[in-house]
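Participant: The structure follows.
Bear in mind these aren't lab numbers, they're just calculated from the coordinates by the rules spelled out. Since we're looking at a predicted model, the values are computed, not measured. Here the Cβ positions follow ideal geometry from the backbone for every residue, glycine too, while neighbour counts run over all protein chains shown.
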Amino acid sequence: MEELLHNYPNNHKKGDFNYVSSASSGAPIRVDNDLFAIGWLSKDYTNTNPNLLSFQLMRDALVIVYNLPNLENPDTPLNFNSETVKQLYLNHKRWDEVFPDQIKSYTPAKLFTRPNGSGTRDVFDNKVLSGETYYEANTVDSSSAMLNLEPGSIGYTSFADINQAKNMRVSSGYWNQKKATEDNIKNKLYELWRPFTGLLKKNYKYSAEIAGLLKWIYIENPPEVEAIFKKYGPRIDISDPVNNQLQEWLSGWA
């Protein structure tokens, strides 16, 4: 979002747009209290507040990443699903117990996760571990740390992080035989994804400026917008049913 705002030609004028990063869980109340014009959540969100309007901007995949134990071929491809990840995270199985045909060393998996409250962890806990939130794992605060795990480690991060990484020590796992690619995510062939959800207040004092920004992103769609989504993940079109409310709201602004 910060990059979109940087490229938005009407920024730094009336209703100046600034981007503030904070935990996803704080977005709804801050938008409702007029602290922010738009709040962003990196996860699904069911809006029950009649003052707010929710919409979805893009799809971002969650990718299981790993750095295999020493003496193993670091380029060994691994296919994960919910059961294999649970065996590692919840049952503390060794690498060779979960992947006996590909890994031979008797090495425990070093488990890594993200902090409580982060959208990335919410997706992992709910979609991968089926709602289990109490497990022992090392917590890292940044995607950079997750992309540079030591040998024998497993963790997870977003497709956007991997897509932009210049250097990383980890490999990207498959999920149910599918690789996280832009096309697979866009067409929902890669199943482990989350939406980037937006929230706005319908009667916010700068609603006209917010409408202009969202029309630029969704409807005008200039080349610089296309290029940004190419980096971060496929956009969810304004015509998608999840954006019906947004489409109706934008139609009220010339």
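Participant: For residue 93, list the aspartates and glutamates whose Cα falls under 20 Å from its own Cα; do not include residues on the same chain fewer than 8 positions away.
Facilitator: 72, 83, 101, 125, 132, 136, 150
Participant: Using a 7 Å offset from the Cα along the Cα-to-Cβ direction at both residue 171 and residue 34, what is the distance between the two label points in nm, to one decimal?
Facilitator: That separation, rounded to one decimal, is 5.5 nm.
Participant: Restricting to Cα atoms and excluding each atom paired with itself, what does the Kirkwood estimate give for the chain in Å?
Facilitator: 19.6
Participant: Right, next: For residue 237 and residue 203, FRET efficiency with R0 = 30 Å and r from the beta-carbon atoms, rounded to 0.05?
Facilitator: My answer for the efficiency is 0.70.
Participant: What would the Debye formula give as log10 I(q)/I(0) at q = 0.10, 0.17, 0.21, 0.25 Å⁻¹ for the alpha-carbon point model of the range 164-254, no solvent?
Facilitator: -0.37, -0.87, -1.13, -1.38
Participant: Return the inverse of the average 1/r over all pairs of distinct C-alpha atoms in the range 61-186, which is the Kirkwood hydrodynamic radius, in Å to one decimal.
Facilitator: 14.6
Participant: A follow-up question, please. Work out the charge dipole of the chain with +1 on the Cβ of Lys and Arg and -1 on the Cβ of Asp and Glu about the Cα centre, then indicate which of 177, 68, 207 is farthest towards its positive end.
Facilitator: 207
Participant: Continuing with the same structure: Can you sort 83, 97, 150, 72 so the residue with the fewest Cβ neighbours within 10 Å comes first?
Facilitator: Least crowded to most crowded, the residues run 83, 150, 97, 72.
Participant: Using a Gaussian network for the chain with springs between C-alpha atoms less than 10 Å apart, which of these wobbles most: 45, 134, 89?
Facilitator: Of 45, 134, 89, the Gaussian network model singles out 134 as fluctuating most.
Participant: In whole Hz and in residue order, list the ³J(HN,Hα) couplings for the range 48-57 that follow from phi through the Karplus curve 6.51 cos²θ - 1.76 cosθ + 1.60, θ = phi - 60°; x for Gly and Pro.
Facilitator: So the J values, rounded to whole Hz, are 10, 8, x, 7, 10, 10, 10, 8, 10, 8.
Participant: Pull up all non-local amide H partners of residue 152: gap of 5 or more, or a different chain, and H-to-H distance under 5 Å with H placed in the peptide plane.
Facilitator: Amide H to amide H, under 5 Å and 5 or more residues apart or across chains, residue 152 pairs with 67, 68, 70.
Participant: Oh, and also: Please give the peptides 238-244, 55-61, 124-130 ranked by average Cβ packing (other Cβ atoms within 10 Å per residue), highest first, as a rough proxy for protection.
Facilitator: 55-61, 124-130, 238-244
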